[in-house]
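The values are calculated or read from the model by the stated rules, or taken from the named source; none is laboratory data. All values reported here derive from a predicted model rather than from experimental measurement. Methodologically, a virtual Cβ is constructed for each residue, glycine included, from the backbone with ideal geometry; neighbour enumeration extends over all protein chains shown. Keep in mind that these areas ignore ligands, DNA and RNA; they rest on the heavy atoms of the full protein, side chains included. Shrake-Rupley method; radii C 1.70, N 1.55, O 1.52, S 1.80 Å.
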Protein chains: 4
Amino acid sequence: MSDKKERILQATEKLLAEYGFHGLSMQMVAKEAGVAAGTIYRYFEDKDDLLYQLHDHILGYVAIKLSQNVSDDMPLKQRFHTMCLNIWEMATRGDAPLINRGQFDNLPRRDSHEQRLLEKQLFVKVDQLFDEGKACGLFKNLDNEILSVLSLEPSCCLARKHVNGVFKVSDEALEAAIDASWDAILQH
Amino acid sequence: MSDKKERILQATEKLLAEYGFHGLSMQMVAKEAGVAAGTIYRYFEDKDDLLYQLHDHILGYVAIKLSQNVSDDMPLKQRFHTMCLNIWEMATRGDAPLINRGQFDNLPRRDSHEQRLLEKQLFVKVDQLFDEGKACGLFKNLDNEILSVLSLEPSCCLARKHVNGVFKVSDEALEAAIDASWDAILQH
Amino acid sequence: MSDKKERILQATEKLLAEYGFHGLSMQMVAKEAGVAAGTIYRYFEDKDDLLYQLHDHILGYVAIKLSQNVSDDMPLKQRFHTMCLNIWEMATRGDAPLINRGQFDNLPRRDSHEQRLLEKQLFVKVDQLFDEGKACGLFKNLDNEILSVLSLEPSCCLARKHVNGVFKVSDEALEAAIDASWDAILQH
Amino acid sequence: MSDKKERILQATEKLLAEYGFHGLSMQMVAKEAGVAAGTIYRYFEDKDDLLYQLHDHILGYVAIKLSQNVSDDMPLKQRFHTMCLNIWEMATRGDAPLINRGQFDNLPRRDSHEQRLLEKQLFVKVDQLFDEGKACGLFKNLDNEILSVLSLEPSCCLARKHVNGVFKVSDEALEAAIDASWDAILQH
DNA sequence: TATGAATGAGCATTCATTCAT
DNA sequence: GATGAATGAATGCTCATTCAT
């Protein structure tokens with residue numbers, strides 16, 4: 001990817017996290033990225049497109065991070081545990097402002113082909129996990145999307161609240177919460 | 001509450017759900033509410049105040065709806081089940097655009113006294129449920145906030161995705177998901 | 001004059017001195033005067049009219065103050081001296097915000113009959129002074145308006161700068177300045 | 001100076017003279033200057049800044065005009081006479097709306113360093129004149145600021161009233177008034 | 001390609017004025 | 001007479017976008 005495009009995306013990400021959506025101007029982005037305002041329009045159609053692409057950019061990053069250190073020969077529970085910790089680390093280390101996710105979710109939707117592909121790619125390891133779990137009768141027989149909401153969403157939510165300072169989550173509490181999430185999808 | 005103020009709040013709620021936070025102008029609100037632009041400023045200090053007050057307004061509504069048909073002499077599981085259905089109904093019937101919640105979370109926070117009171121009021125029945133469950137050894141021994149994230153958040157998230165059309169949740173799936181959430185907080 | 005009208009005028013005068021012309025709103029005036037906004041329009045046609053009438057009101061006050069302690073049997077120099085001190089006192093005591101005069105001078109002019117009358121009334125003692133001075137060959141043979149600019153205007157200007165803090169004028173300097181103004185109109 | 005900035009300043013000057021301070025909108029200025037409204041904000045921080053800078057701009061112009069054709073080897077009286085005529089010409093020719101001065105005096109003050117410098121620069125020739133006159137015992141021993149109010153202020157005031165049409169000043173009257181002002185500062 | 005000055009529609013907000021009570 | 005809620009045009013200002021260089 002062009003150096004400038006990358007810098008613009010990173011500037012946008014930073015400013016979005018700092019000032020929120022309605023406090024983000026193209027001139028700010030240009031200044032932060034060290035390019036001229038007009039230059040942004042060489043890489044992005046308009047402001048919406050910039051935000052769309054940033055969304056995908058972050059999603060791509062998250063896709064990689066989420067599956068880090070997760071291999072197919074690991075036991076299911078360990079894979080799940082690792083993924084949850086990956087989510088937690090991403091959020092708390094701030095290297096991916098998942099915190100902003102909320103903002104993206106409320107953007108006017110773009111249901112492009114690449115969008116779908118990217119999201120599939122994000123969940124391929126997750127789908128695999130759930131499929132295997134259901135196949136061996138370990139997990140409840142629910143759609144992967146629902147299993148995801150039951151198990152991974154709480155981790156995201158916890159991380160978000162922790163980072164936003166709503167309440168603090170200790171390491172022990174985190175471990176317990178991950179275990180509880182596991183209980184949610186487990187066949188009892 | 002003054003008729004006009006109520007109408008302004010409802011117009012804001014509707015437009016926020018429809019156009020999102022950026023895309024909401026005071027003139028739009030005025031038009032939708034059937035009042036003059038200046039009139040808004042008789043009831044709200046500025047745009048932020050309008051959004052703050054809307055937040056509280058919705059929160060108050062949610063507080064009431066969430067605890068509807070929940071009485072202290074019901075078994076714990078039934079109470080939990082009812083609350084989850086209350087969330088689901090609120091979201092799907094659209095009479096409270098819980099969907100918007102995400103937007104409020106990203107507003108510059110106001111930590112007023114009333115704010116805290118309102119949020120406590122919202123969770124009083126929930127706190128009670130979790131406290132009783134932990135007391136009789138039925139629930140995991142975790143902070144109420146974490147139990148809430150583990151059990152109620154998935155219901156919210158599911159409803160949101162259902163309403164937003166990300167995927168459809170059948171009645172059976174909903175029931176199964178509620179049971180799964182129950183599993184998450186249960187001591188096994 | 002009606003109690004309310006008087007209160008409105010005084011409120012306007014005070015606020016005008018404090019906030020300047022473009023910082024004066026009818027609601028402010030109403031609040032300061034302790035009346036409802038609509039009440040102002042019972043006594044004044046519109047905002048301009050309020051300012052016009054305030055102008056006249058102040059002029060009338062100045063007319064009285066300027067000629068205070070000035071009687072026709074006093075020597076010319078003493079009369080002049082007294083008037084200059086009257087100007088100085090009015091300005092420095094702040095009981096008539098002559099300081100604001102500058103603002104009035106730049107209002108869209110109204111050349112009404114009463115306006116002319118009032119201004120004549122203001123200068124009747126001054127005219128008399130100049131007329132007598134010229135008649136006995138003591139003063140330069142110039143139009144009264146010019147004599148006024150040469151002799152009284154410096155006093156006003158001095159007082160204004162003193163009050164505004166541009167520079168401070170000691171009692172001795174004031175006396176010397178009055179004497180110098182006298183020199184300006186004297187036949188040498 | 002940028003062409004556009006110059007045009008904006010001149011438009012402001014013109015409109016200020018025509019409509020007064022309240023009655024001056026940024027859109028009017030933009031239209032008169034032949035630029036877009038937003039363009040003004042490239043050169044001026046806000047409306048106040050525009051007015052501040054206009055103040056300085058005019059002051060700079062006045063500084064130059066006031067001292068025109070005044071050289072140090074001219075007799076004191078001739079220098080004074082020339083300055084008074086410079087003031088008169090500036091005002092009556094309308095190339096510098098001294099008339100507006102009154103409005104600036106009522107603006108919220110900015111006591112910047114450049115401001116002070118500019119005003120000193122404006123009066124350097126005047127100070128010199130007064131200093132010399134006092135040194136050789138020709139002038140009264142008063143502060144330069146007071147001498148200025150006594151001698152130059154009447155010229156300004158006269159010009160202002162002449163231009164505003166309060167009364168007309170003939171050439172002879174002007175000469176006589178200048179002589180009278182000279183008398184005011186002269187040691188008798 | 002890259003620039004950044006220029007644009008002008010759009011925004012939040014104010015305020016002189018009206019009018020039903 | 002007096003009120004003050006309501007109005008809506010107008011304001012100062014921002015900012016996504018364009019385009020001549």
- Filtering the range C:168-177 for residues that are part of a helix (DSSP H, G or I) and either without any contact (Cβ under 8 Å) to a residue 12 or more places away in the chain or surrounded by fewer than 17 Cβ atoms within 10 Å (Cβ to Cβ) (or both) leaves a count of 5
- Query: Can you tell me how many residues in the range B:111-148 are within 17 Å of B:T82 (Cα to Cα) and among the hydrophobic types (A, V, I, L, M, F, W, C)?
  - Reply: 7
- Does D:T39 satisfy the condition of being touching a residue at least 12 places away in the same chain (Cβ under 8 Å), surrounded by fewer than 18 Cβ atoms within 10 Å (Cβ to Cβ) and either within 16 Å of the chain's Cα centre (by Cα) or within 15 Å of DNA strand F (Cβ to nearest atom) (or both)? yes
- Message: Tally up the residues in the range D:121-167 that are within 10 Å of another protein chain (Cβ to nearest Cβ), without any contact (Cβ under 8 Å) to a residue 60 or more places away in the chain and open to solvent by 60 Å² or more (accessible area, probe 1.4 Å), please.
- Response: 5
- Here are some residues: B:R42, B:R7. Which one is within 12 Å of DNA strand E (Cβ to nearest atom), of a type outside the set (A, V, I, L, M) and farther than 23 Å from A:H22 by Cα? B:R42
- List the number of the failed condition for D:R79; all other conditions in (1) open to solvent by 20 Å² or more (accessible area, probe 1.4 Å); (2) among the basic types (K, R); (3) at pLDDT 85 or above hold. (1)
- Message: If I go through the range B:44-91 residue by residue, how many of them are β-branched (V, I, T) and farther than 17 Å from B:S181 by Cβ?
- Response: 3
- Query: Hey, does the range B:117-130 have a residue that's of a type in the set (D, E, K, R), assigned to a helix (DSSP H, G or I) and modelled with pLDDT under 80?
  - Reply: no
- Note on the structure: Among residues of the range D:16-36 being within 11 Å of DNA strand F (Cβ to nearest atom) and within 14 Å of chain C (Cβ to nearest Cβ), the residue most open to solvent (accessible area, probe 1.4 Å) is D:Y19
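Does D:D73 satisfy being closer than 14 Å to D:L129 by Cβ, of a type in the set (D, E), out of contact with any Pro (no Cβ under 9 Å at 6 or more places or on another chain) and open to solvent by 20 Å² or more (accessible area, probe 1.4 Å)? Outline the logic, then answer.
Working: closer than 14 Å to D:L129 by Cβ: yes; of a type in the set (D, E): yes; out of contact with any Pro (no Cβ under 9 Å at 6 or more places or on another chain): yes; open to solvent by 20 Å² or more (accessible area, probe 1.4 Å): yes.
The answer is yes for D:D73.
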- Query: Out of the residues in the range C:178-188 that are assigned to a helix (DSSP H, G or I) and at the interface with another protein chain (Cβ under 7 Å from one of its Cβ atoms), which is most open to solvent (accessible area, probe 1.4 Å)?
  - Reply: C:D183
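A quick yes/no check of all residues on (1) more than 16 Å from DNA strand E (Cβ to nearest atom); (2) at pLDDT 95 or above; (3) under 20 Å from the mean Cα position of the chain (by Cα):
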position	(1), (2), (3)
A:G20	no, no, yes
A:V29	no, yes, no
A:V35	no, yes, no
A:A63	yes, no, yes
A:M83	yes, yes, yes
A:R93	yes, no, yes
- Query: Does the range C:46-57 contain any residue that is surrounded by fewer than 18 Cβ atoms within 10 Å (Cβ to Cβ), within 14 Å of DNA strand E (Cβ to nearest atom), among the aromatic types (F, W, Y) and not in a loop (DSSP other than H, G, I, E, B)?
  - Reply: no
